[in-house]
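Worksheet: one structure, shown below.
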């Protein structure tokens, strides 16, 4: 597989969105099937361990990235002539952070949770590898090449599905399952690294050639002013502090408030309720495929937007889709959950219905937060996520002891309401007081 496998970089957005949605649907569907089979093949305790390990691994991937991938996508969308250098520099950082995070997890688990250290560490490695693949996906998004991301996602998830099902059929063991999931991820990462390098070099050369012919002084200045190209350590640190760190803080805090309820349910209700909650939460999480696909394709347009019209064109359809899906699934929840997971998961139906109420706000907030970061509102984004985390923990502390996993679901809904209001206020302030600040990349 090489760059020539994707010869048309100017595909229409409608096709890109449909292809991305299909790839994500297939990808999530593959993981969803693995989750269902694991729920049926593994014991409740083992499946709860799988849920905890997966959540820990997902958080490790988010923390080790710390906003780098979104910064990379934004930077590449603004300065495509620097694509190769930006990729090379930030990839080096991501490899170090991912390796360090997995090593730290292995040490901590070996010291404090020895009996579960091996499967938990392997699951952390699976998600660290997936995090590096996602980093490269954001690079493709910045260049408006989500078609490359979609193709790689299809190949990886198909292989993961086959390996995962074979592992569960051979031996229903969480360690064997983790190893089976790791192999396709490692192979996909190697392929994507090679492909991203090819695309980056071609894009950088093509863009610089055009810029040099038109305005050589601007092209030269853009190259020399970049802290990445100059490799000036102090300027690179300034870039991280000013741009990357607030994005990373916001993403990490967002990941915490989005998934910390799994650990809080474990703390206050036990491992079996974790299995129930994780099962229905995965369904709601899978519903985010459509808004995620739309945002992946239109991200460059949000970065370059001069007003709220592009955001409106995105937010309205994704929210309408979420409302319609919520209505249908609410009515079907009573028979859908037992059909998918088995009769023993029937107690999770009420929590599923409450989580569905949060889905329209989850979809809307996905668009609002992307626009906020696209307009250099990363500090406001980080602050809002910190507030959301504090509210989420407070609500969970009160509601889980009272209502178990239903309480965790209500806490999720309350948190999303707060985030929606905060994002609306932050975007209004940015648009009112600095309407063109985010267009600096056009200079």
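A short reminder: the numbers here are calculations on the coordinates, not readings from a lab. Note that the structure is predicted; figures quoted are calculated from it, not measured. All Cβ positions, glycine included, derive from the backbone under ideal geometry; neighbour counts span all protein chains shown.
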List, largest first, the extents of the alpha carbons of the chain along their principal axes, each in whole Å. 68, 47, 42
4 °C / 1.567 mPa s Stokes-Einstein diffusion coefficient of the range 245-433, Kirkwood radius on C-alpha pairs, µm²/s: 76 µm²/s
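When only Cα pairs under 8 Å and 6 or more residues apart are kept, what is the percent relative contact order across the range 350-438?
On the way: 78 pairs, mean separation 38.9, N = 89.
Reported as a whole number, the value is 44 percent.
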Explain nothing, just the number: relative contact order of the range 245-433, from Cα pairs under 8 Å at least 6 residues apart, as a whole percent. 34 percent
Can you give me the Cα centroid spacing of the range 250-297 and the range 120-144 in angstrom? 18 Å
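Sort 416-425, 156-165, 47-56 by the packing proxy (mean of other Cβ within 10 Å over each peptide's residues), most packed first.
On the way: 416-425: 17.8, 156-165: 19.9, 47-56: 23.3.
Sorting 416-425, 156-165, 47-56 by mean packing, highest first, produces 47-56, 156-165, 416-425.
Quickly estimate the mean residue ellipticity at 222 nm for the chain, helices only: each DSSP H run with n ≥ 4 gives -39500 (n - 2.57), and the total goes over all residues, rounded to 500. Before the final figure, lay out each step's value.
Numbers: 17 runs with 376 residues, N = 443.
-29500 deg cm²/dmol, from helical runs alone.
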Once the principal axes of the Cα atoms of the range 145-194 are found, what is the range along each, listed largest first in whole angstroms? 39, 15, 11
If I take every Cα pair under 8 Å that is 6 or more residues apart in the chain, average their sequence separation and divide by the length, what percent do I get for the relative contact order? 22 percent
Which of 268, 58 has the fewest other C-beta atoms within 10 Å, and how do the rest follow up to the most? 268, 58
For the range 350-426: span of alpha carbons on each principal axis (Å, largest first): 40, 22, 14
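Please order 45, 81 by the number of other Cβ within 10 Å, starting at the fewest.
Values: 45 13, 81 23.
By the 10 Å Cβ count, ascending, the order reads 45, 81.
When a footprinting reagent is the concern and you count Cβ atoms within 10 Å, what order do 323, 251 take, fewest first? Let's see the in-between values first.
Numbers: 323 12, 251 24.
Ranking 323, 251 by Cβ neighbours within 10 Å, fewest first, gives 323, 251.
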